[in-house]
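Take a look at the structure set out below.
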Amino acid sequence: MDTTVIVFQEDCILAAKGKDGAYPLISRVRRIPLPGTGDTFARWSQALSLLDPEWKAEPVRLVLPAGMSATRVLSLPPGRGRQLSQMAERQVENSFRNEIADYSIAFSHKKDGVDLCAGGADKGVLEHFMEICEEAGISMEGITVPLEGYLRILGRLEDCEAPASICLFFEEDSMTSILRLNGRCLYSSRSRLFSEPGTLDFGTEIVRSISGILQFYAGSRQELPITTVYYSGCPSEDFEAGQEGIRGLGLKACPLRTDRRITFPPGEGPESWLSCMGAMIRNGKRERQINLYSAALKALDQEPSSKTLLKHLTVPGLLLGTVLLLGGILWILNRNLEHRIQTIQDWMDNSKVQSQYQEAAALEARLLELEGGIAAVERLEENLSSYPALSAQTLSRIEHAGGSGIKLEITGYDAQTGILTFRAGSREVIDVPSYILQMQETGIFHTMDYTGYTYENEWYTLSLSCVLAGNQRKGGDE
């Protein structure tokens, strides 16, 4: 039975069909540009409607857009079976705050430990994707994230002799960077590319990202030097814009070549279908994969579609039996109930009883009013205690995270949302990505968004918009 994969991207959807496995045999591919403008989900829904019925015949595995998902590579000590599962679930739960998350095993060694590829997405985002697939008549097998596929691709390379290397995956207007050491992922990041491919600025953005990874690697004090940069998804003539800068860092760059046993239709190659190919690589049917679809159904207190029919048949049967049983009991008790009702009615008509009832009702209403006021105060205190705080100490940590070479200018702060906007500048271009990496390691911010830097009056300036991490509550994070 063929496997179908659909990848959602900002300007199109990609679909691939074929045999999954350690070396997928992809027989059909299709790219559908998004029609019109406006709401992206509405445009994705229109694109899905253009797929032929044969693409919808079997359950489909979806790959989320990188911009609508969060990913982590998490390291665990050696473990097996139930012990490993418990450690992995606890680590993933601690790493994702509000997202629905799941994980797969990216690396495992009895001495070196285990690496997890964890991915997550907001509940509302997953519900939107489930809704548009249902409207298009598509049943889902699972939902994953692009990083899982990239890591699987790196395990299927034809030639990757460098034990320490940087691998770059280009898709649409973004670049995913992965630092590998002896087959393990030490670091991964995704950056948006703002420059036209093939231009000098495009090459500068690539070199700046590589330079930041080199600084991170130098801080980890590994013995093996990074020698090679591998890239995929970017034509060689466009990547040439960054070759000189890469050589200036003492590295060589070459295209990433996947195993020739992974096949595509005539005229197609892996460069244009990276996420499709990665989602179809499997080492066995029992291998654990990221499945945000099952995780979302569990969070929504639903069951997978394979159990829906049984659920629909069981519930009505139980309800019918319950109704018949209650009907028989009610028929038997009906005569006695009429007599009791009349006795109660006579008691209620007593004027003394009515007066006592009115007094009790007034007291109860007053009690409910007081309880509601107390609950409102408690909720207010609880909400206020969780608001992110911007203290002088926090500002000092932000200012000194980049060292003396960084000039910081606060441009705005929203206390209700915890969003802090500021500009970081330096006379040295290499200080800017280093400052971003150091800020991520402080844990001050929950999320960090930033634009490309500007150069003016010998200063390189980067604009950042960051969400402060919330205060801790007893029993968990906000």
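Going by what's in this entry, would ASP11 be described as touching a residue at least 60 places away in the same chain (Cβ under 8 Å), among the acidic types (Asp, Glu) and exposed (fewer than 14 other Cβ atoms within 10 Å of the Cβ)?
Numbers: touching a residue at least 60 places away in the same chain (Cβ under 8 Å): yes; among the acidic types (Asp, Glu): yes; exposed (fewer than 14 other Cβ atoms within 10 Å of the Cβ): yes.
Answer is yes for this residue.
Outside the structural domain of LEU249 (by TED's automatic domain parsing), modelled with pLDDT of 80 or more, in a helix (DSSP H, G or I) and within 24 Å of the chain's Cα centre (by Cα): does that describe LEU420?
Criteria not met by LEU420.
Just name the residue that is nearest to ASP201 (Cα to Cα) out of those in the range 214-257 that are β-branched (Val, Ile, Thr) and touching a helix residue (DSSP H, G or I) at 6+ places or on another chain (Cβ under 8 Å).
Residue satisfying both the conditions and the ranking: ILE246.
Give the number of residues within the range 44-59 that are over 17 Å from GLU127 (Cβ atoms) and surrounded by 19 or more Cβ atoms within 10 Å (Cβ to Cβ).
Step one: filter the range 44-59 for residues over 17 Å from GLU127 (Cβ atoms), giving 46-47, 49-59.
If we keep only those that are surrounded by 19 or more Cβ atoms within 10 Å (Cβ to Cβ) too, we end up with 47, 51, 55.
Qualifying residue count, the range 44-59: 3.
Filter the range 201-228 for residues that are hydrophobic (A, V, I, L, M, F, W, C) and either surrounded by 15 or more Cβ atoms within 10 Å (Cβ to Cβ) or modelled with pLDDT of 95 or more (or both) and give the result.
PHE202, ILE206, VAL207, ILE210, ILE213, LEU214, PHE216, ILE226, listed by residue number.
Report every pair of residues separated by at least 6 positions or lying on different chains whose Cβ atoms are under 6 Å apart, first residue within the range 67-81 and touching a residue at least 40 places away in the same chain (Cβ under 8 Å), second outside any strand (DSSP E or B).
Within 6 Å, the pairs are MET68/VAL125; SER69/VAL145; ALA70/GLU99; THR71/VAL145; THR71/LEU147; ARG72/SER95; LEU74/GLN91; LEU76/MET87.
Please go through the range 228-247 and give me each residue that is over 25 Å from GLY278 (Cα atoms) and touching a residue at least 12 places away in the same chain (Cβ under 8 Å), ordered by number.
GLU240, ALA241, GLY242, GLN243, GLU244, GLY245, ILE246
Within the range 144-209, which strands (runs of 3 or more DSSP E) (wholly inside it) include 1 or more residues that are touching a residue at least 24 places away in the same chain (Cβ under 8 Å) and of a type in the set (Phe, Trp, Tyr)?
Where strands (runs of 3 or more DSSP E) fall fully within the range 144-209 and carry at least 1 residues being touching a residue at least 24 places away in the same chain (Cβ under 8 Å) and of a type in the set (Phe, Trp, Tyr), they are 164-171, 184-192.
Name the residue that is surrounded by the fewest Cβ atoms within 10 Å (Cβ to Cβ), counting only residues in the range 259-296 that are closer than 16 Å to VAL7 by Cβ and among the hydroxyl-bearing types (Ser, Thr, Tyr).
Taking the candidates together, the pick is SER272.
The values are calculated or read from the model by the stated rules, or taken from the named source; none is laboratory data. Quick caveat: nothing in here was measured; it's all calculated off a predicted structure. We place every Cβ from the backbone using ideal geometry, glycine too, and count neighbours over all the protein chains shown.
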